[in-house]
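Input: a single structure, listed below in structure tokens.
The values are calculated or read from the model by the stated rules, or taken from the named source; none is laboratory data. These figures come from a predicted structure and were not determined experimentally. Cβ placement follows ideal geometry from the backbone for every residue including glycine, while neighbour counts extend to all protein chains displayed. In case anyone asks, the SASA skips ligands and DNA or RNA and just uses the protein heavy atoms, side chains included. Shrake-Rupley method; radii C 1.70, N 1.55, O 1.52, S 1.80 Å.
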Amino acid sequence: MFLIRRFVRRTVRLAVLTASVGLLVGWFLFLRPTSLGGPAGYVLVSGPSMEPTFQTGDLVITQRQDSYTRGDIVLFRVKDALVIHRIIGGDAASGFLTRGDHNSVEDGFRPVQDSIDGKALVRLPGVGHLVVILRDPLPLAICTWGVVSFILLRRWGRARPDSTPVELPSPASAPGSEA
């Protein structure tokens, strides 16, 4: 029975390790931010210009493409700001015509291919609010403390497989007691 438990435990550990390595490789190849040389961009939506497609507080993951076409929602830079709007016309050479879904007029700037960071791929509703909270040192420290405490308490609370329980003598059988 002990050997079966040991085998199962090692198999589970190997499966968790394999899954963790797979997730890390997948993140590195597909979700690594452009600031780390990867293909993905991350933007926290703020403002109503893309409603109802995107709401304030959404986190949008973008990915660089070889080309962009009409209808694509793209993330681009205007001076020091990031803007996420839909392409409604234009081309890569002369610049794309963009507009927010909630806006009635086109943007006053025409991003070219090189200024576009990527096309919107995934919307994570409301996750941006959590990111904003965790950017502050105090909530981040509290969350880190909680995770570390959970891991340590789980680890210390486990019985070791090589340890044997110690039986304490009952009060009746203790030396010097009268029964």
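In a fully extended conformation the segment linking Asp114 and Thr144 would gain 7.0 nm over its present Cα-Cα distance, using 0.36 nm per residue. In the chain, helical runs assigned H by DSSP with n ≥ 4 each contribute -39500 (n - 2.57); averaged across all residues and rounded to the nearest 500, the mean residue ellipticity at 222 nm is -10500 deg cm²/dmol.
The label-point distance for Val122 and Ala19, in a model that sets each label 7 Å from Cα toward Cβ, rounds to 1.6 nm. Of Glu51, Glu106, the order by accessible heavy-atom surface (1.4 Å probe, DNA, RNA and ligands excluded), from most exposed downward, is Glu106, Glu51.
Taking every Cα-Cα distance in the stretch 41-150 and sorting them into 10 Å bins starting at zero, the pair-distance distribution P(r) comes out as 14, 41, 26, 12, 6, 1 percent.
For the chain, the dipole from Cβ point charges (+1 on Lys and Arg, -1 on Asp and Glu) about the Cα centre works out to 800 debye, to the nearest 20. For the chain, the residue among Phe30, Leu97, Phe109 whose Cα projects farthest onto the positive side of the dipole built from Cβ charges is Phe30. Of Asp136, Asp58, the residue with the largest accessible area leads and the full order is Asp136, Asp58 (1.4 Å probe). With a sphere of radius 15 Å drawn around the Cβ of Pro111, what net charge do the other residues whose Cβ falls strictly inside it have (Lys, Arg +1; Asp, Glu -1)? So the surrounding residues net to +1.
Using the Cβ-Cβ distance between Arg9 and Arg64 with R0 set to 35 Å, the FRET efficiency works out to roughly 0.25. Computing the accessible area with a 1.4 Å probe over protein heavy atoms, can you report the carbon and sulfur percentage for the chain? Reported share for carbon and sulfur atoms: 64 percent. Descending by average beta-carbon neighbour count within 10 Å, the peptides 2-10, 110-118 line up as 110-118, 2-10, the highest first. Our estimate of slack between Trp27 and Arg77, defined as 0.36 nm per intervening residue step minus the Cα-Cα distance, is 15.6 nm. Considering only beta bridges that DSSP places wholly inside the chain, some 95 percent are antiparallel.
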